[in-house]
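All remarks here apply to the structure that follows.
The values are calculated or read from the model by the stated rules, or taken from the named source; none is laboratory data. Keep in mind that what you see is a predicted model, and the values were worked out from it rather than measured. Note that we place each Cβ from the backbone using ideal geometry, even for glycine, and neighbour counts take in every protein chain shown. SASA here: full protein model, heavy atoms, side chains in, ligands and nucleic acids out. Shrake-Rupley method; radii C 1.70, N 1.55, O 1.52, S 1.80 Å.
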Amino acid sequence: MRGRNLLRSTLRDSDTAARLGSDEFGILLAAVHNVEDALQAADRIAEAFSPPFEIEGHTVDLEMSIGIAAFPQHGGDTDTLLRHADMALSEARRTGSIYSVFASEEHASALAAFKLAGQLRSALDRDEFILHYQPKVDLATGRIVGVEALVRWQHPEMGLVMPGNFLPLVERTSIAMPLSLRVVDKALAQSRAWEDKGFDLTMAVNLSPRILHQPDLPERIKRLLVQHQVAPSRLFIEVTESAIMIDEDRALAALDRLVAQGVTISIDDFGTGYSSLTNLRRLPTRELKIDRSFVMAMRKSNEDAVIVRSLVELGTSLGLRVVAEGVEDAEVLATLKTWGCHKAQGYHIARPMPAPDLETWIATSPWGVGARTRTVPALA
Ligand code: C2E
Ligand code: MG
Ligand code: MG
């Protein structure tokens, strides 16, 4: 009981303390006027609880974290305030601090995300999603053999929004399928245009985890290939293992049909999430992309270098083409080559860029373009 009395003794009469959970208490500071006053109260509480407790002859050291949310700036009703105080509490625990104030920036970014989500569909109608292309180099020949198409949102007020800031919103809405098809459509149109200009490049697109299980996906991609007269062998589809795991049977069926059409499946971000050797054996994949986090850390961490090397060996032994993404310097590029890694992609070679910039870059870059062998013709 000493704890409750102690807590009460740190508060004023106008304040309320109540137990919210087994080891959680809520305190309503009715008479404070700003966050600084609340911080002082938090200090007082922490101070009061810092000496060890004596319980049945045992000394118990209490650890406490406090999350603070203030009315009205952090919420206008009880539920919001409690939720935000709880978020601040998690932050305090995460950072090992005694107290943390709900971050208004977080609040602002949650609101901004909410606003963005509401604009997704009109963005599609207004054609605000654009593609940047990042080259992939073949380490054996030193030539650029393909590109990866990466989506960006050209927002009228916010400028260029990166995929990490809007794809999670897309995943929760019905625009996942139309957006993915728009990306494939644009990428294939670009692929056609480059082929007409004499560039021999494969085109990789990333597919949303949600649409991999749509039964008509292979057929819709086939239609786009025919429409743009692009050979299926030019198209690489990058999927992550976690995307496949959502509904394995249906995903495998879709991937098998895409492979039967002549499209190449590439496993993206390999080494993170649900990576499993069984998947590598079972999936109709021909290419494995080592996640950039390992490659980027290779120079500084021996463990990461060992992981990358092992993944290159593993992929190669299974007869897969191995791509390292996130190559940021010449030394890593050279090391990957000696390990027998097939392709590399990363800022050291080039950042993702709009199609016209890529053409200019190609014209002046030391890398040649195109595989030396030709690809098979387009579908009729
Ligand atoms: P990802 O498919 O693994 O794409 C590679 C990401 O790594 C890209 O980020 C690229 O800009 C970045 N990157 C490449 N080289 C380097 C490097 O050397 N250093 C560093 N630090 N980063 C590098 P981006 O464009 O922000 O895309 C992030 C993720 O968003 C992609 O990861 C992919 O999962 C997803 N994404 C992008 N475009 C699409 C799309 O059209 N559809 C779907 N469903 N997902 C997409
Ligand atoms: Mg990718
Ligand atoms: Mg990746």
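With the condition kept exactly as written, say whether any residue in region 138-158 is part of a helix (DSSP H, G or I), touching a residue at least 12 places away in the same chain (Cβ under 8 Å), more than 16 Å from ligand 2 (Cβ to nearest atom) and open to solvent by 40 Å² or more (accessible area, probe 1.4 Å).
No: region 138-158 contains no residue that is part of a helix (DSSP H, G or I), touching a residue at least 12 places away in the same chain (Cβ under 8 Å), more than 16 Å from ligand 2 (Cβ to nearest atom) and open to solvent by 40 Å² or more (accessible area, probe 1.4 Å).
State all residues of region 333-349 that are open to solvent by less than 60 Å² (accessible area, probe 1.4 Å), touching a residue at least 24 places away in the same chain (Cβ under 8 Å) and more than 16 Å from ligand 3 (Cβ to nearest atom); if no residue qualifies, say none.
If the condition is that a residue be open to solvent by less than 60 Å² (accessible area, probe 1.4 Å), touching a residue at least 24 places away in the same chain (Cβ under 8 Å) and more than 16 Å from ligand 3 (Cβ to nearest atom), then Leu333, Thr335, Trp339, Gly340 are the ones that fit.
The rows are residues; the columns are (1) outside the structural domain of Phe236 (by TED's automatic domain parsing); (2) outside any loop (DSSP other than H, G, I, E, B).
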position: Ala42; (1), (2): yes, yes
position: Pro51; (1), (2): yes, no
position: Ala70; (1), (2): yes, no
position: Gln73; (1), (2): yes, no
position: Gly76; (1), (2): yes, no
position: Asp79; (1), (2): yes, yes
position: His132; (1), (2): no, yes
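In region 44-60, how many residues are open to solvent by 40 Å² or more (accessible area, probe 1.4 Å) and out of contact with any Phe, Trp or Tyr (no Cβ under 8 Å at 6 or more places or on another chain)?
Counting residues in region 44-60 that are open to solvent by 40 Å² or more (accessible area, probe 1.4 Å) and out of contact with any Phe, Trp or Tyr (no Cβ under 8 Å at 6 or more places or on another chain) gives 10.
Which members of region 350-367 meet the condition of being acidic (Asp, Glu) and open to solvent by less than 50 Å² (accessible area, probe 1.4 Å)?
Within region 350-367, Glu359 is the sole residue that qualifies.
Would it be correct to say that Ala193 is under 21 Å from Val151 (Cβ atoms), out of contact with any Leu (no Cβ under 9 Å at 6 or more places or on another chain), assigned to a helix (DSSP H, G or I) and open to solvent by less than 50 Å² (accessible area, probe 1.4 Å)?
yes
Applying the selection to region 269-291, what residues are among the hydrophobic types (A, V, I, L, M, F, W, C) and more than 19 Å from the chain's Cα centre (by Cα)?
The answer is Leu277, Leu280, Leu283.
A quick yes/no check of all residues on (1) surrounded by fewer than 21 Cβ atoms within 10 Å (Cβ to Cβ); (2) over 21 Å from Leu212 (Cβ atoms):
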{"site": "Phe236", "(1), (2)": "no, no"}
{"site": "Arg250", "(1), (2)": "yes, no"}
{"site": "Leu255", "(1), (2)": "no, no"}
{"site": "Pro284", "(1), (2)": "yes, no"}
{"site": "Lys289", "(1), (2)": "no, no"}
{"site": "Ala297", "(1), (2)": "yes, yes"}
{"site": "Ser301", "(1), (2)": "yes, yes"}
{"site": "Thr316", "(1), (2)": "yes, yes"}
{"site": "Ala324", "(1), (2)": "no, yes"}
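Leu179: farther than 28 Å from Thr338 by Cα and either part of a loop (DSSP other than H, G, I, E, B) or away from ligand 2 (no atom under 16 Å from the Cβ) (or both), yes or no?
No; evaluated as a whole, the condition is false for this residue.
Of these, Ser122, Ser180, which one is hydroxyl-bearing (Ser, Thr, Tyr) and within 12 Å of ligand 1 (Cβ to nearest atom)?
When all the criteria are applied, what remains is Ser180.
What is the number of the single condition among (1) of a type in the set (Ser, Thr, Tyr); (2) closer than 28 Å to Ser233 by Cα; (3) away from ligand 2 (no atom under 16 Å from the Cβ) that Thr285 does not meet?
The single condition Thr285 does not satisfy is (3).
For region 266-284, which residues satisfy the criterion of being without any contact (Cβ under 8 Å) to a residue 40 or more places away in the chain and within 14 Å of ligand 3 (Cβ to nearest atom)?
Once the filter is applied, which keeps residues that are without any contact (Cβ under 8 Å) to a residue 40 or more places away in the chain and within 14 Å of ligand 3 (Cβ to nearest atom), region 266-284 yields Ile267, Asp269, Thr272, Gly273, Ser275.
Looking at region 206-221, I want the residues that are within 11 Å of Arg257 (Cα to Cα) and among the β-branched types (Val, Ile, Thr) and have a partner that is open to solvent by 70 Å² or more (accessible area, probe 1.4 Å) and more than 15 Å from ligand 2 (Cβ to nearest atom) with Cβ atoms under 6 Å, at least 6 apart or on another chain. Which pairs are those?
Partner pairs satisfying both residue conditions: none exist.
Looking at (1) away from ligand 1 (no atom under 16 Å from the Cβ); (2) closer than 25 Å to Ile130 by Cα, can you tell me which one Glu303 breaks?
So Glu303 meets the others, but not (2).
Looking only at region 1-28, filter to residues that are open to solvent by less than 40 Å² (accessible area, probe 1.4 Å) and out of contact with any Leu (no Cβ under 6 Å at 6 or more places or on another chain); which one of those is nearest to Ala85 (Cα to Cα)?
Among those that are open to solvent by less than 40 Å² (accessible area, probe 1.4 Å) and out of contact with any Leu (no Cβ under 6 Å at 6 or more places or on another chain), it is Gly21.
Would you tally the residues in region 323-363 being under 12 Å from Pro135 (Cα atoms) and among the polar types (S, T, N, Q)?
The qualifying residues number 1.
Would you be able to tell me the number of residues in region 18-40 that are more than 22 Å from Pro72 (Cβ to Cβ) and either among the small types (Gly, Ala, Ser) or part of a loop (DSSP other than H, G, I, E, B) (or both)?
So the count comes out to 3.
Would you confirm whether or not region 255-278 contains a residue that is more than 20 Å from Leu131 (Cα to Cα), among the small types (Gly, Ala, Ser) and assigned to a helix (DSSP H, G or I)?
yes
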